[in-house]
Each structure stands twice: as C-alpha cells, then as structure tokens.
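Participant: I'd like to ask you about the structure that follows.
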Amino acid sequence: GDALSEPIESARFHEVGWRVLAYTEVTHFRTGSLAEGAALAEAICEVARTASRQPDIDLRSKGVTVRLQRDASGELTEADLALAGAISSKASELGATVDFTGLQSYQVAIDALVIPDALPFWETVLGYERFGDALIDPHSEGPTFWFQQMDAPRPQRNRIHIDLYLPEDQAKARIDAAIVVGGRIVYEARAPLWWTLADPEGNEVDVASWPDMD
C-alpha cells in the first residue's frame, strides 16, 4: 500500500514532541499571550491547509493544544507523523515551547452485560456518534464513552469508572499525588500501561499511559 498510510508505532511521535493519548495524537505549546497563541494557531492552519487530516486546535490564554483525531482503525500513519512534525517545526520557529504539564485525555467507561442495549441509550442521550466500540462527541469536546463487557452482574461494585489518559512521564506523579489525598491502588498488574486507583469509598479511575506506551 501507500507508504504514507502504513501503520507506525506511537513512540515515533515522541521524536517530534507529540504524545498518543486514547483516540488522538496530541501536543501542547506554551505561549506568552493569547495573541501569540492566535498567531501560532493561524500558522498551524497554514501548515495543515493541504493535509488529509485536519487538526483540532484549542486556543487558550496560556497556550495551544493541537490534536489529530485518529480514525476508527486507530492506526497511526506516516502522514500523521509528517503533519505533527511540520506543526512542531512551525511552533518552534515562532518560539512556542512544548509543555505536557496537565496534558490529558479521559473517557467514561460503562460496564454493561448487554452492550447493544446500553449503547443506543447513551448515544442518544449524549448526542454522540459511534466510533468503533465507543461513542465520541461530534464536536470533539466531551469525553469518550466506552463500553466494557461484563461477564456477570456485579451489584457490589460500581459500574462506571473514569479512564484518564496521561503521558507516561506524568502518570506516576499524578498517582502518587492521588494516594496522598486518600486514594489507593487497587490493580497494577498491567502497569505501566494502566493502574486502577480507588477513592476512599471504592469509586475507581484507571490512569493509563497506554497507548503512548507501545
């Protein structure tokens, strides 16, 4: 097939100052002002003008977050990497710095015995669209909702948990901080891909550095 559409490893994005979190390739550039951020956003639009996949640009007073949404196959391609690299080069030219502090992506995971019964309700009530076995906000603003197959009813355990995706170098510090304020690790057999933490009442969050960790 076309070399530009061949799948590549997540770690290749690290070389250009990006990370792969859940359904997106993402980076964040720290800027000195809203005006600097706007100039960067405009420059990124120019870089991406002819690209097949258009980035989502989130402009804030302190910086610019850029995301490339992955398609339903979830594959990362050379074309995506080339665009990410071109965006990083342009940002560097304009004096913006890559800063992953606080960069994150999260989803709501719902345990269901019969996913085909549960999923249409959430799709409809949220106004979301199907994306493989998940639901996504068509405006790319709200968290993804993902459905996990249950093998048996578990009335003793909460059936909704949060999935929080962090760059690998941020995950451990976030976990340590959560433990200090009363959290505990309840599952770490798959670390560093993910850890499951619980609050004092047992409500759970999975802190995942997957898929950025291949």
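The values are calculated or read from the model by the stated rules, or taken from the named source; none is laboratory data. Here the structure is a predicted model, which is why all the values come from computation and not from measurement. Glycine gets a Cβ as well: all are built from the backbone with ideal geometry, and neighbour counts include every protein chain shown. Just so you know, the surface numbers come from the protein's heavy atoms only, side chains and all, with ligands and any DNA or RNA stripped out. Shrake-Rupley method; radii C 1.70, N 1.55, O 1.52, S 1.80 Å.
Participant: Condition first: open to solvent by 20 Å² or more (accessible area, probe 1.4 Å) and either under 14 Å from the mean Cα position of the chain (by Cα) or among the aromatic types (Phe, Trp, Tyr) (or both). Now tell me which residues in the range 163-180 satisfy that.
Facilitator: Of everything in the range 163-180, those that are open to solvent by 20 Å² or more (accessible area, probe 1.4 Å) and either under 14 Å from the mean Cα position of the chain (by Cα) or among the aromatic types (Phe, Trp, Tyr) (or both) turn out to be 164, 168, 170.
Participant: Looking at 159, 154, which is the one that is within 30 Å of residue 114 (Cβ to Cβ), of a type outside the set (A, V, I, L, M) and open to solvent by 90 Å² or more (accessible area, probe 1.4 Å)?
Facilitator: 159
Participant: Restricting to the range 86-102, name every residue that is assigned to a loop (DSSP other than H, G, I, E, B) and either over 19 Å from residue 38 (Cα atoms) or not aliphatic (A, V, I, L, M) (or both).
Facilitator: 95, 99, 100, 101, 102, listed by residue number.
Participant: On to the next question. Kindly provide the set of residues from the range 181-211 that are under 19 Å from the mean Cα position of the chain (by Cα) and among the hydroxyl-bearing types (Ser, Thr, Tyr), ordered by number.
Facilitator: Answer for the range 181-211, where residues must be under 19 Å from the mean Cα position of the chain (by Cα) and among the hydroxyl-bearing types (Ser, Thr, Tyr): 196, 209.
Participant: Which residue, of 171, 109, is small (Gly, Ala, Ser), part of a strand (DSSP E or B) and either modelled with pLDDT of 90 or more or within 28 Å of residue 54 (Cα to Cα) (or both)?
Facilitator: Answer to the check: 109.
Participant: Hey, can you tell me all the residues within the range 31-47 that are surrounded by 17 or more Cβ atoms within 10 Å (Cβ to Cβ), more than 16 Å from residue 79 (Cα to Cα) and either aromatic (Phe, Trp, Tyr) or out of contact with any Leu (no Cβ under 7 Å at 6 or more places or on another chain) (or both)?
Facilitator: 36
Participant: Have a look at 201, 123 and point out the one that is touching a Lys or Arg at 6+ places or on another chain (Cβ under 7 Å), open to solvent by 30 Å² or more (accessible area, probe 1.4 Å) and of a type outside the set (Phe, Trp, Tyr).
Facilitator: Only one candidate passes the filter, namely 123.
Participant: Considering only residues of the range 72-98 that are within 23 Å of residue 164 (Cβ to Cβ) and touching a Ser or Thr at 6+ places or on another chain (Cβ under 9 Å), which is surrounded by the most Cβ atoms within 10 Å (Cβ to Cβ)?
Facilitator: Taking the candidates together, the pick is 84.
Participant: A further question follows. Kindly establish whether residue 157 is in a helix (DSSP H, G or I) and either modelled with pLDDT of 90 or more or touching a strand residue (DSSP E or B) at 6+ places or on another chain (Cβ under 9 Å) (or both).
Facilitator: No: the conditions fail for residue 157.
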